[in-house]
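Enquirer: Okay, handing you the structure first.
The values are calculated or read from the model by the stated rules, or taken from the named source; none is laboratory data. Source: prediction; values computed, not measured. Neighbour counts run over all protein chains shown; Cβ positions are idealised from the backbone, glycine included.
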Amino acid sequence: MDKANSSVVSEFVLLGLCSSQKLQFFYFFFFSVLYMVIVLGNLLIILTVTFDTSLHSPMYFLLGNLSFIDICQASFATPKMIADFLSEHKTISFSGCIAQIFFIHLFTGGEMVLLVSMAYDRYVAIYKPLYYVIIMSQRTCTVLVTISWAVGLVHTLSQLSFTVNLPFCGPNVMDSFFCDLPRVTKLACLDSNIIEILIVVNSGVLSLSTFSLLVSSYIIILVTILLKSSAAMAKTFSTLASHIAVVILFFGPCIFIYVWPFTIYPVDKLLDIFYTVFTPILNPIIYTLRNRDMKAAIRKIVNYYLRPRIISEMSLVVNFPSLRQNSFKFLRSIPCLIF
Ligand SMILES: *[C@@H]1O[C@H](CO)[C@@H](O)[C@H](O)[C@H]1NC(C)=O
């Protein structure tokens with residue numbers, strides 16, 4: 001096809017996070033540890049939410065799904081960045097680059113809608129507490145999660161449709177550690193103004209509309225709580241505060257990069273780090289440290305699975321009365337087995 005003729009560039013050179021040779025080992029170590037913390041922390045949340053029956057409620061289902069997206073988001077570019085710290089030639093193939101663009105918009109688009117779903121869940125809990133169980137049924141949760149992924153998919157496919165046919169023939173060096181649209185379109189050898197505008201409109205509409213939806217729903221919820229002012233307020237308030245913190249930390253960098261995407265600032269690299277590494281790590285920290293139920297459940301799970309056997313046996317006896325009865329039954333039946 002003639003696409004092969006016009007696309008001379010078959011790979012891109014990534015300049016990486018920094019050029020200092022000395023710091024490469026330090027960064028390698030630092031980001032490896034961060035990456036492990038992200039994966040383990042979010043995995044712990046998923047396990048806790050899945051296996052602790054006291055957390056089988058819509059809010060925690062959505063939180064578990066958020067952790068899953070966080071792991072995905074931390075995994076599409078960070079491992080390559082970490083490996084690149086140790087390699088001389090930091091390159092990425094054309095198709096690898098397209099894949100990274102695909103995933104970043106899939107996951108960020110999905111995460112935005114999932115955050116809206118979590119706000120909706122809180123909204124129902126506070127505005128219609130009597131109907132909460134009916135409105136937020138298992139089916140509603142599944143629908144909300146499906147919509148999140150569907151919006152992410154539509155968003156990323158529409159972004160890619162602008163990009164995938166761009167001709168690349170000139171420079172192929174990107175001052176970044178992964179491929180994203182603003183930088184890639186800059187390298188196309190054609191006047192990409194219209195495409196840039198389409199990308200801004202597409203990403204801008206999604207992020208600004210979900211962001212304003214979130215902000216207005218949290219304002220409504222906060223006002224309602226302030227007017228009610230009851231004893232339960234303190235607990236609700238701390239849950240909301242953690243949701244709002246996540247929203248600000250997630251949308252801040254996204255909007256900054258995509259609302260002014262085509263003047264590339266030095267600070268953009270820092271923001272890229274922000275939403276590939278720091279948001280995924282902040283979610284588990286914010287949600288677990290601020291949430292008493294979550295902390296208790298995690299402690300239970302950690303006791304159950306990670307303590308050495310004898311200690312865990314003891315904590316079983318302490319934590320689970322029914323198991324204690326069972327083990328007494330078992331102990332009592334031992335004489336029957338022997339004799
Ligand atoms: C994600 O949401 C679905 C639908 O509510 C739920 O069944 C599933 O358990 C959730 N996943 C996690 C990891 O919590």
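Enquirer: Hey, could you check the stretch 59-80 for residues that are among the hydroxyl-bearing types (Ser, Thr, Tyr) and within 10 Å of the ligand (Cβ to nearest atom) and say which is nearest to the chain's Cα centre (by Cα)?
Expert: Ser67
Enquirer: Could I ask something else about it? All but one of (1) modelled with pLDDT of 90 or more; (2) away from the ligand (no atom under 16 Å from the Cβ) hold for Arg139; which doesn't?
Expert: Condition (2) is where Arg139 drops out.
Enquirer: For Val33, indicate whether it is within 16 Å of the ligand (Cβ to nearest atom) and β-branched (Val, Ile, Thr).
Expert: No; evaluated as a whole, the condition is false for this residue.
Enquirer: Would you tally the residues in the stretch 44-58 being under 16 Å from Ile285 (Cβ atoms) and either touching a strand residue (DSSP E or B) at 6+ places or on another chain (Cβ under 7 Å) or more than 10 Å from the ligand (Cβ to nearest atom) (or both)?
Expert: Selection size over the stretch 44-58: 1.
Enquirer: How about the stretch 1-43: which of its residues are farther than 24 Å from Ser87 by Cα, surrounded by fewer than 18 Cβ atoms within 10 Å (Cβ to Cβ) and at pLDDT 75 or above?
Expert: Correct list: Leu40, Leu43.
Enquirer: Follow-up. For the stretch 140-180, how many residues meet the condition of being crowded, with 20+ Cβ neighbours inside 10 Å and among the aliphatic types (A, V, I, L, M)?
Expert: Residues flagged as crowded, with 20+ Cβ neighbours inside 10 Å and among the aliphatic types (A, V, I, L, M) within the stretch 140-180 amount to 3.
Enquirer: A further question follows. Return yes when Ile38 is assigned to a helix (DSSP H, G or I) and either within 10 Å of the ligand (Cβ to nearest atom) or touching a Lys or Arg at 6+ places or on another chain (Cβ under 7 Å) (or both) and no when it is not.
Expert: no
The rows are residues; the columns are (1) at positive phi; (2) within 16 Å of the ligand (Cβ to nearest atom); (3) surrounded by 22 or more Cβ atoms within 10 Å (Cβ to Cβ); (4) in a helix (DSSP H, G or I).
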site: Ile82; (1), (2), (3), (4): no, no, no, yes
site: Leu115; (1), (2), (3), (4): no, yes, yes, yes
site: Ala125; (1), (2), (3), (4): no, yes, no, yes
site: Tyr132; (1), (2), (3), (4): no, yes, no, yes
